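For reference, the structure discussed in these notes is given below.
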Amino acid sequence: MKWRGRERSSNIQDRRGTGGMGGFGRMGGNPFGRNGGGMRLPIPTGRAGGGGIGGIVGIIVILGIIWFATGQNPLDMLTGGGGAVAPAGSSAQSRPLPEAGEDELADFVGVVVRENERLWEDVFAQNNLDYTPPQVILFTAQTNSGCGVADARTGPFYCPVDQSVYIDLSFYDELRSQFGAPGDFAQAYVLAHEVGHHVQQVTGILPEFNRARQGLSQEEANRWSVRIELQADCYAGIWANYAGQQNLLENGDIEEAINAADQIGDDTLQERMQGYAVPKTFNHGTSQQRMTWFQRGFQTGDVSQCDTFAANV
Ligand SMILES: [Zn+2]
């Protein structure tokens, strides 16, 4: 991606190297642990829009499954509900200072975030709406968020409570080495996906999901979640289209993003980790779905093509 020398967002908060919350221990063990243990949902009621909002403020659940022994969970978002964001850490493995190369990465993030702001300001303006962009918080190891403790192990996420994207830049190393998704445009896709969740927040889709999920079974909630996530992938594709219009794309960029979408599909991740996939637990979409929706956004550049709720996903 041709990003050097371009304007950076002023909505970046750099909390790297501040010492954060202190050290933490790697979770290890069962990578499904948090998802399985953290959410307790009532018996299905058949209502789609029913549940109250009582449980929303307070403890927050991470929707996704935690992958790999490091506990990374790529491209997650936070929603209201029961459960904990991150267990209180104990042992010592903090990383007090940004690692070499991360300052350039922070510059890159600043540019990508700024270009996302331009895109969504345009889209909202075309609909006579104001757009307030999210804050993007760079952190090391752990930091406080409106959704509880943000932990590097969970991967980048969007917190609707404080309307902020959280990312520990070391995730990008993992994206390349563990998830098999190298390249700067894979990294840009991650950010654009999380910004996509913010767009869902301000358009009301994410709050609606958070209300509805109170009355949904786990499997029903997963099905909603897939549509939420695929829409964020489609929005990331819309941004890729916009990046093309701004002449930011280099050869191979789109392939990097599509490969990332492929590598972090639920089926691919589960098969890689445990040797088989359990479709009813999917909450982000299969590799094919994620690639398809990213490409739909990229090819059309049309937000109305991202209605994953009306579509047969
Ligand atoms: Zn997501």
A correct Karplus calculation of ³J(HN,Hα) over region 263-279, with 6.51 cos²θ - 1.76 cosθ + 1.60, θ = phi - 60°, whole Hz and x for Gly and Pro, returns 5, 10, x, 4, 5, 5, 5, 5, 5, 5, 7, 10, x, 7, 10, 10, x
Counting sequence-distant residues (5 or more places) and residues on other chains, those with an amide H built under 5 Å from that of Gly285 are Asp266
Heads up, region 264-313 by the C-alpha gyration tensor (a ≥ b ≥ c square roots of eigenvalues; a/c under 1.5 rounded, else a/b over b/c prolate, else oblate) looks prolate
The summed charge of the Ala125 Cβ neighbourhood (under 14 Å; Lys/Arg +1, Asp/Glu -1) stands at -3
Applied in sequence order to region 211-217, the curve 6.51 cos²θ - 1.76 cosθ + 1.60 (Karplus, θ = phi - 60°) yields integer Hz couplings, x standing for Gly and Pro, of 6, 5, 5, 4, x, 10, 6
Averaged per residue, the 1.4 Å probe accessible area of region 101-205, protein heavy atoms only, in Å², is roughly 28 Å²
Amide H neighbours of Val149 at under 5 Å, excluding residues fewer than 5 places away on the same chain, with H built from the backbone geometry, are Val85, Ala86
Descending packing, highest mean Cβ count within 10 Å first, for 188-194, 221-227 is 188-194, 221-227
The correct ranking of Lys280, Lys2 by accessible area at 1.4 Å, largest first, is Lys280, Lys2
If amide H atoms are modeled at 1.01 Å from N in the peptide plane, then the residues at a separation of 5 or more from Ile137, or on another chain, having amide H under 5 Å from its own are Gln13, Val165, Tyr166, Ile167
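The values are calculated or read from the model by the stated rules, or taken from the named source; none is laboratory data. All values reported here derive from a predicted model rather than from experimental measurement. Here Cβ is always computed from backbone atoms with ideal geometry, including for glycine, and neighbour counts include all displayed protein chains. What goes into the accessible areas is simple: the full protein's heavy atoms, side chains included, and nothing from ligands, DNA or RNA. Shrake-Rupley method; radii C 1.70, N 1.55, O 1.52, S 1.80 Å.
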